[in-house]
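So the structure is just underneath, and the comments pick up after that.
The values are calculated or read from the model by the stated rules, or taken from the named source; none is laboratory data. The model shown is predicted, which means the values in this text are computed figures rather than measured ones. All Cβ positions, glycine included, derive from the backbone under ideal geometry; neighbour counts span all protein chains shown. Only protein heavy atoms, including side chains, enter the accessible area calculation; ligands, DNA and RNA are left aside. Shrake-Rupley method; radii C 1.70, N 1.55, O 1.52, S 1.80 Å.
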Amino acid sequence: MLPAEYDEQKTKMPEALPFLDTCAPDTRLRFPELSRTVSFPRGTLCLRAREANDRIFFLLKGKAAVYNLTRCGKRKILFVLGNGSLVNESLTGTVSNIYCETLEPSRFQVIGQKDLLSLMEQDFLLTRSLLACQERKIWRLEHQLKNTIGSIYLERKLAAKLWKLARDFGVPTEKGILIDMDLSITFLADLLGAPRETTSRVCRRLSKLELIRTERKKVYVPSPAALSRFYRTTS
């Protein structure tokens, strides 16, 4: 079941879905016929863990956080998704294992699981494209685990995450690359998997090193190259 607050509309052709570019012509025609476009305001939970779900979500425009809860009930953000992303962690499961919350007003293309699986059975190119999307998520999770185990400092972990956000959602300004989303200390703590107080100290450390610049809930990266060198080489 979709969240209560949404606006639905039909679309002739889904925008910002790169995986459709390599599919068979018949798939590109049928996908819009079998799916619908829905819009959610900021702060909407599109998916909830442990709830039945038979729809597959593709993010057309906006930003969304995919997260889960620790045993202590603390939120741990796994991914920040942008345009063209596949949201669901599974294409065949009947119950969601993750939460997905919009970080700004966002638009999704939603298709029934059975309809998508039917298209995948008929078009191997579609199946391969979606497998590639899921493999990339797995790679990112493996990379996160690698950076979690061992003696990597929190400064490096946060630097790596901010570098990626700047790459994915950065806007050039006179102050550097602006990460075009609200990044409160609470959000960064959830992204880092650390307490707010610790995250605040880490931000001050990166600011003192002039690797980032913070203004209210905005983060600027004066030099992505310097931030990259810091998280790759600092011992």
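Observations on the model:
- Over region 79-134 - Rg/Rh using Cα atoms and the Kirkwood inverse-distance radius: 0.96
- Exposure rule at most 16 other beta-carbon atoms within 10 Å, DSSP loop trypsin sites (Lys or Arg not before Pro): the chain longest free segment: 75-174
- Once C-alpha pairs closer than 8 Å and six or more residues apart are averaged by separation and normalised to the residue number of region 10-69, the relative contact order reads 41 percent.
- Structural descriptor for the chain: relative contact order 18 percent, calculated from alpha carbon pairs under 8 angstrom and at least 6 residues apart.
- Each of 171, 38 has its accessible area taken with a 1.4 Å probe; listed largest first, they run 171, 38.
- Helix axis angle, 196-208 relative to the chain longest principal axis, alpha carbon, degrees: 70 degrees
- For residue 218, the residues whose modelled amide H falls within less than 5 Å of its own, excluding neighbours fewer than 5 places apart on the same chain, are 183.
- Centroid-to-centroid separation of region 119-137 and region 172-235 [C-alpha atoms, Å]: 35 Å
- Sequence-ordered 3J(HN,Hα) estimates for region 157-162 from the Karplus curve with 6.51, -1.76 and 1.60 and θ = phi - 60° stand at 4, 5, 4, 5, 5, 5 Hz, glycine and proline given as x.
- Residue-normalised accessible area of the chain, given per residue in Å² at a 1.4 Å probe: 54 Å²
- Cross-link partners of residue 76 among aspartates and glutamates (Cα-Cα below 19 Å; sequence separation of 8 or more within a chain): 51, 89, 101, 104, 142, 155, 182, 190, 197
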